[in-house]
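K.L.:
There's a structure below that I have some questions on.
No lab work stands behind these numbers, since they all come straight from the coordinates. Keep in mind it's a predicted model, so treat the numbers as computed, not measured. Here Cβ is always computed from backbone atoms with ideal geometry, including for glycine, and neighbour counts include all displayed protein chains.
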Amino acid sequence: MSPESLSALWLSVRVASVATLLNALVGIPLAFLLARKPFRLRGLVDLVISLPLVLPPTVTGYYLIVLLGRRGWLGAPLYALTGWSVTFTWYAAVVAAAVMALPLLVRTARAAIESVDRDLERAAFTLGHSEWRTAIEVTLPLARNGILAGLVLAFARALGEFGATLMLAGNIPGRTTTVPLAIYTAVQTGESAEALALVAALTAISCAVIFLAGRLGAATT
Amino acid sequence: MSDRLDVAIRAIRGVFTLDVAWTAGDGVSVLFGPSGSGKTLTLQCLAGLMRPEAGRIAVDGRVLFDAARGIHVPPQLRRVGYVFQGYALFPHLSVRANVAFGLRDHARADRDRRTSEAIERLGLRGLEDRHPRELSGGQRQRVALARALAIEPALVLLDEPLSALDLPLRRALRDELQTILADWRVPTVLVTHDFAEAYQLGDRVLVYEEGRVRQSALRGDLLRRPASESVARILGFRNVLRGVIREVTADHVRLEWRGQILEARNSGDTFLGVSAGAPVSFFVRPEDPRLLRKDGPPPNPAHHANILKGRVVREADLGVTRSLLLRLDESGPPAQGDYDLEIEVPQFVYEVLNLDEDQHWEFSIHRGSIHFLPS
C-alpha cells in the first residue's frame, strides 16, 4: 500500500473515531432529551438532526459550507476573529462525518431509551434519585445495547462518509483525503491495485467493528 | 384511631377526572374498584409522580401537596415506598443493589445495616447476588417490598401487588403479604380490583368508580352495609334488585318485586323512604334462599316467608356449590337478563334434591335475607 493510501487510512480511522466521540457526547444526551423530555421545539430538533438521513450528502455538505465556510454564518465571524477557517482541514472531515452519522445514533439510542420501562425510572425517583442520577444509573445502563448499536452505526457511517466530506473538506491528499475519497481518486486515475487495497482495508475494519459490537452487546445480556 | 393520611385531590388526565377525598388511619387502606377508576392515578399523586390540579395531601400532618399554597414535595423527598405493578425491579442490579437503591445517601455502614435488615426480614437471605430475572414471582415481590421498606417510608403504596402471579401462588402470597405488612406496621395504601384481596388485606376499603370514592368503610361494614346499589355491584354482589315499597312498619317492610309482595325485616335503615310507592334497591345473597323439598310437609308460613315459584333456566357447577339461575313463573321481563334470582346450593343438596332432573321449584326468601341499599 502506498504512503498516500496509508495516510488516508490513518486519517479515516482518526476522523471516524473523533466523529463518533463527538456523536456520543452530543447524541446520547440529545437522544435522552428527545425520548424523555417533552420540550418545545422537540419536533424541530428532531427534524434538523434527521435531515442528513434523507438529504443527498452533497446537499448536507452545502449547508455545512453555508454555516461554516469562510463566508458562512458561523464561519465568517470565526475567520474575522482568528483568521482560521475549518474548511479544507481534517476538522472539516470530522464535522461532515459527525453530522452525517448523528441521526443514526440519535434514532437508535432514542428508541432504546424509550423502551426502558418508565416505572423503573419512577421507582428510582421514589427511592430518592434525582432525574440526573436516574438517567445515569437506570435509564442509560438499560438502554446500553441500543446506544452501543447506535455508536457502531455512527462509526460505520462516519468511516464511509464521502459527499459531505468532499464538499466541506475537499480532497487534499495527506490532509483531507479519507479512504472513500482515496478510493474514488484511485479509480479515477486507474490505480486499481491501490483502490483494491483500500477497499479491502475498509471492508476489514467494518467487519471488525460489527464483530466487536456483537461481543459488547452479548456481554451485557 | 387518628387519621394519618389525609387525601383530597382533583386530577385531570385527558377526559378522565379524579376527584376524591378520604382519610385513613393506621394499617392497610385498600383502593378497590374496576380498572380505569383512578386507583393508580391516586397512588401516583400520593408518591408525587403526578401533580394534581387541586387539593391537598398530608401524611402524619406533613403536607406533601397543597395546591392552594403551591406545595408539591418532589417524589425524591416524600419518603413514600412504592411497590409498582410488576414490581419494577432494576433488572441490571443484584437483589442487594436493588434493596440498597434508596439508601445511597446514607453512610456506608448504615446503608449496609439497613439493607441487611430488610433482606433478613423479608427472607431474602442467600439471594443477595441474584438478579431479578433469576427470581421466582414471590421472591420478586419480596425484593420490591424490601426495597420500598428499606427507606423506612412514612407511607407504603402497593399497586396490584399480586396481579402478576398465577392463581395458586397469588393466594399464598396474599397471606405472605399480610404477614409482612403486619410485621412492618407502616401505613399502607394498596390498589386492587380483586375483592378477596381487598377484603383480606384491607383494614379500610375505599370503593373507587369513575374517579370517585363511592364508599369508604371498615372492611366488615362494607359487606354488611354497601353504600349504594353501584357499590354493591362493584363489590360483585349478585341479585342486586329493584322493587317498590308498599308498606313500612316498625318491624316490617313490604315491597313489590316482579309482581310479588315480599316481606322484609325492617332493621332500622334510616335511608328507607317511608312513603308507599318509593323505588328501593335491595340484594339477596345467592346462598340465602331455601329450596322447598317436594317430599316434605307443605310450607309453614310461620317459617317460610316469601314463597316464590320458578324454574331453573341455567346452572353452573362452581365445584363446591352449584349456582342455579331461576326465572319466576310470573309474566313480564326477568329482573336480571334472562333470569330473576341466582341461588347457590351446596353440591350435596343439588344431589339429594335431584336438581339435575327437576327444574321447577318453590323456594323461600327469609325476611332477614332481604338487604336494602341506600339509593
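K.L.:
Considering the alpha-carbon set of segment B:240-283 alone, what are its Rg and its Dmax in angstrom?
P.N.:
Answer for segment B:240-283, Rg first and Dmax second: 9.3, 26 Å.
K.L.:
Would you mind giving the three semi-axes, in whole Å and largest first, of the ellipsoid equivalent to segment B:55-168 according to its Cα gyration tensor?
P.N.:
Working: eigenvalues 150, 67, 24 Å².
Taking √(5λ) for each Cα gyration eigenvalue gives 27, 18, 11 Å.
K.L.:
A further question follows. Computed FRET efficiency, Cβ-Cβ of residue B:366 and residue B:295, R0 22 Å: what is it to the nearest 0.05? Spell out each step's value before the answer.
P.N.:
Values: r = 22 Å, r/R0 = 0.98.
FRET efficiency, residue B:366 to residue B:295: 0.55.
K.L.:
Net charge around residue B:200, counting only other residues with Cβ within less than 13 Å of its Cβ (Lys, Arg = +1; Asp, Glu = -1)? Walk me through the numbers before you get to the answer.
P.N.:
Details: positive: B:170, B:171, B:174, B:219; negative: B:175, B:176, B:194, B:197, B:203.
Spelling it out: positives minus negatives among the neighbours equals -1.
K.L.:
What is the Rg over Rh value, at two decimals, for segment B:321-370, using alpha-carbon atoms and the Kirkwood definition of Rh?
P.N.:
Working: Rg = 11.9 Å, Rh = 12.2 Å.
Answer for segment B:321-370: 0.98.
K.L.:
Taking the alpha carbon gyration tensor of segment B:238-375, what are the square roots of 5 times its eigenvalues, largest first, to the nearest whole Å? Could you put the intermediate results ahead of the total?
P.N.:
Values: eigenvalues 144, 50, 37 Å².
Three semi-axes, in Å: 27, 16, 14.
K.L.:
Could you tell me which residue out of B:220, B:77, B:179 lies farthest along the dipole of segment B:5-234 toward its positive end? Charges go on the beta carbon: Lys and Arg +1, Asp and Glu -1, centred on the Cα centre.
P.N.:
Of the options given, the answer is B:77.
K.L.:
Right, next: How high is the relative contact order of segment B:290-366? Use alpha-carbon pairs under 8 Å, at least six apart in sequence, and give a whole percent. Mind showing how you got there, number by number?
P.N.:
Details: 116 pairs, mean separation 31.5, N = 77.
Relative contact order comes out at 41 percent.
K.L.:
Would you mind estimating how fast segment A:83-161 diffuses translationally, via Stokes-Einstein at 4 °C and 1.567 mPa s with the Kirkwood radius over Cα pairs, in µm²/s?
P.N.:
Details: Rh = 14.3 Å.
D = 91 µm²/s.
K.L.:
Still on this structure, I have one more. Under 5 Å between amide H atoms, partner at least 5 residues away or on a different chain: which partners does residue B:158 have, H built in plane at 1.01 Å?
P.N.:
B:83, B:189, B:190, B:191
K.L.:
Related question: Report the trypsin sites (Lys or Arg not before Pro) located in segment A:6-40 that are in a DSSP loop and have at most 12 other Cβ atoms inside 10 Å of their Cβ, or state none. Show your work: numbers first, answer last.
P.N.:
Working: sites: A:14, A:36, A:40; in loops: A:40.
Those that pass, being in a loop and sparsely packed, are A:40.
K.L.:
Now for a separate question. Compute the semi-axes of the equivalent ellipsoid of segment B:157-294, taking the square root of 5 times each eigenvalue of the Cα gyration tensor, and list them largest first in whole Å. Could you put the intermediate results ahead of the total?
P.N.:
On the way: eigenvalues 266, 62, 35 Å².
Sorted largest first and rounded, they come to 36, 18, 13 Å.
K.L.:
Using θ = phi - 60° and the Karplus form 6.51 cos²θ - 1.76 cosθ + 1.60, what ³J(HN,Hα) does each residue of segment B:156-163 get, whole Hz, x for Gly and Pro?
P.N.:
10, 10, 10, 9, 6, x, 10, 6
K.L.:
Nearest 20 debye, what's the magnitude of the dipole of segment B:240-283 about its Cα centre given +1 on Lys and Arg Cβ and -1 on Asp and Glu Cβ?
P.N.:
Working: 5 positive and 5 negative charges, 32 e Å.
With Lys and Arg at +1 and Asp and Glu at -1, about 160 debye.
K.L.:
Taking the C-alpha atoms of segment A:3-220, how large are the radius of gyration and the largest Cα-Cα span, Dmax, in Å?
P.N.:
Looking at segment A:3-220, its Cα Rg and Dmax stand at 19.4, 67 Å.
K.L.:
Let me know the volume per residue of the alpha-carbon convex hull for segment A:106-221, in Å³.
P.N.:
Numbers: hull volume 14.2 nm³, N = 116.
Considering the Cα atoms of segment A:106-221, their hull volume per residue is 123 Å³.
K.L.:
Got a sec to turn the phi values of segment B:111-120 into Karplus ³J(HN,Hα) couplings, 6.51 cos²θ - 1.76 cosθ + 1.60 with θ = phi - 60°, whole Hz, x for Gly and Pro?
P.N.:
Result, rounded to whole Hz: 4, 5, 5, 5, 4, 5, 5, 5, 5, 5.
K.L.:
How tilted is helix B:167-184 with respect to the longest principal axis of chain B? Cα atoms for both, answer in degrees (0 to 90, nearest 10).
P.N.:
Computed tilt is about 60 degrees.
K.L.:
Kindly state, to the nearest 0.05, the FRET efficiency for residue A:200 paired with residue A:14, given R0 = 22 Å and r defined as their beta-carbon distance.
P.N.:
Working: r = 20 Å, r/R0 = 0.89.
Given R0 = 22 Å and the Cβ-Cβ separation, E is 0.65.
K.L.:
Calculated from DSSP H runs of 4 or more alone, at -39500 (n - 2.57) each and per residue, what is the 222 nm mean residue ellipticity of chain B, nearest 500? It would help to have the intermediate numbers written out before the result.
P.N.:
Values: 9 runs with 86 residues, N = 375.
Helix contribution divided over all residues of chain B: -6500 deg cm²/dmol.
K.L.:
Still on this structure, I have one more. Output the relative contact order of segment B:240-283, whole-number percent, from Cα pairs under 8 angstrom with separation of 6+ residues.
P.N.:
49
K.L.:
Using r as the Cβ-Cβ distance of residue B:263 and residue B:210, and R0 as 45 Å, what FRET efficiency do you calculate, to the nearest 0.05? Before the final figure, lay out each step's value.
P.N.:
Numbers: r = 35 Å, r/R0 = 0.79.
So the FRET efficiency works out to roughly 0.80.
K.L.:
Can you work out ³J(HN,Hα) from phi for every residue in segment B:45-54, in order, using Karplus 6.51 cos²θ - 1.76 cosθ + 1.60 and θ = phi - 60°, giving whole Hz and x for Gly and Pro?
P.N.:
Once θ is set to phi - 60°, the couplings for segment B:45-54 become 5, 5, 7, x, 7, 10, 9, x, 6, 8 Hz.
K.L.:
Roughly how many Å is it from the Cα centre of segment B:276-307 to that of segment B:99-157, as a whole number?
P.N.:
The two parts, judged by their Cα centres, are 55 Å apart.
K.L.:
Excluding residues on the same chain fewer than 8 positions from residue B:294, give the aspartates and glutamates whose Cα lies under 15 Å from its Cα.
P.N.:
Hits, sequence-local ones excluded: B:351, B:356, B:357, B:358, B:362.
K.L.:
Over all alpha-carbon pairs of the protein assembly as shown, lay out the pair-distance distribution in 10 Å bins, whole %, shortest bin first.
P.N.:
For the protein assembly as shown, the binned pair fractions read 3, 13, 17, 15, 14, 13, 10, 6, 5, 3, 1, 0 percent.
K.L.:
Express the relative contact order of segment B:142-251 as a whole percentage, based on alpha carbon pairs under 8 Å and six or more residues apart in sequence.
P.N.:
Numbers: 82 pairs, mean separation 19.6, N = 110.
In percent, rounded to a whole number, it is 18.
K.L.:
Using the Kirkwood radius built from alpha carbon pairs, what does the Stokes-Einstein equation give as D for chain B at 20 °C and 1.002 mPa s, in µm² per second? Intermediate results must be reported in sequence, preceding the final value.
P.N.:
Numbers: Rh = 23.7 Å.
D, rounded to a whole number, is 91 µm²/s.
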